[in-house]
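The values are calculated or read from the model by the stated rules, or taken from the named source; none is laboratory data. For clarity, every value in this text was computed on a predicted model and none was experimentally measured. So basically every Cβ, Gly included, is an ideal-geometry build from the backbone, and we count neighbours across all protein chains shown.
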Amino acid sequence: MRPLSAAQVLALWDAGQTRHPIDRALLALALAMPEEAPDELADRPVGWREVNLLALRNATFGSALDGYAPCPSCGALMEFGLDGADLLDSLPAPDANTRIALDGRQWRLPSSRDQAAILAAPDPETAVDWLLDRCRMDGSDSGIVSTVNRKNSKKMKCTPALIDELESQMEALDPAADIRLAMRCTDCGHAWDAVLDVGACFWDELGSRAHQLLEAVHRLASAYGWREAEILALSPARRAAYLNMIG
């Protein structure tokens, strides 16, 4: 994965300001992977998106990944640090053609498009029902249940036991879709698994880098009269050298 250039960082930061986090992640991958058809990125498994976004993040910002998570018991913020390269090596990219067969039916792995489609669900239970409904493979292998079947969803609603088994198998087949870190609070001793949101980490770092670049553009343009494109085309080392010279 090639790192984002300075111009790409600013373009992505600007374009993603009003977008949903799912759209931001897909925008980043479309920019970094021009060989991929943009419309098809949303249909890849969620874990594929997360693995490739992590690879892009590592390439652009380095492998050191630091963050924090609030303790669900006392609210204290616990810091964590990990090696993004090691994490990436531990996460296999899922096969988009993977199928889960249970109770005489088949399901595929959820995609970004599926996640976006259930954002309007009124509660978590409904969201799960909608997601599994979308992922259940009908006879045409389309991956989306027909309108007729959706109207009859009560007859085909999954039992709690089946939902638990489906979730378990989906997590095993696509571990990158739900990355968790073992945490322990140093204040109260509570232990829990914190969700690592790769997209949120990437966007925070992108925002920080974008503001650094904007400041550099402002200072160098003011000092030398250069255009933004000229400043962004400089290597990081040369840009830093010029900034040091103007103080």
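At a glance:
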| quantity | calculated |
| --- | --- |
| Number of the exception - N149 against (1) modelled with pLDDT under 95; (2) surrounded by 14 or more Cβ atoms within 10 Å (Cβ to Cβ); (3) within 20 Å of A42 (Cα to Cα) | (3) |
| Lone qualifier among D39, D23 - being out of contact with any Lys or Arg (no Cβ under 8 Å at 6 or more places or on another chain), modelled with pLDDT under 95 and among the acidic types (D, E) | D39 |
| Flag if W203 is aromatic (F, W, Y) and either part of a loop (DSSP other than H, G, I, E, B) or in contact with a strand residue (DSSP E or B) (Cβ under 6 Å, 6 or more places away or on another chain) (or both) | no |
| Hits in segment 59-111 - residues which are touching a residue at least 24 places away in the same chain (Cβ under 8 Å), closer than 30 Å to S208 by Cβ and aliphatic (A, V, I, L, M) | A59, L65, A69, A76, M78, L82, A85, L87, L88, L91, A93 |
| Top-ranked residue in segment 71-115 [being among the polar types (S, T, N, Q) and outside any strand (DSSP E or B); ranked as nearest to W192 (Cα to Cα)] | S73 |
| Hits in segment 219-234 (condition: under 31 Å from the mean Cα position of the chain (by Cα) and either part of a helix (DSSP H, G or I) or at pLDDT below 95 (or both)) | E228, A229, I231, L232, A233 |
| Evaluation of G207 against (1) loosely packed, with under 12 Cβ neighbours inside 10 Å; (2) closer than 30 Å to M78 by Cβ (one fails), failing number | (1) |
| Unique match (being in contact (Cβ under 8 Å) with a residue 24 or more places away in the chain and part of a helix (DSSP H, G or I)) among R209, R238 | R209 |
| First in segment 157-173 and among the hydrophobic types (A, V, I, L, M, F, W, C), second anywhere and exposed (fewer than 15 other Cβ atoms within 10 Å of the Cβ) and at pLDDT below 95, Cβ under 7 Å, 6 or more apart | L162/L102; L162/D103; L166/L102; L173/T98 |
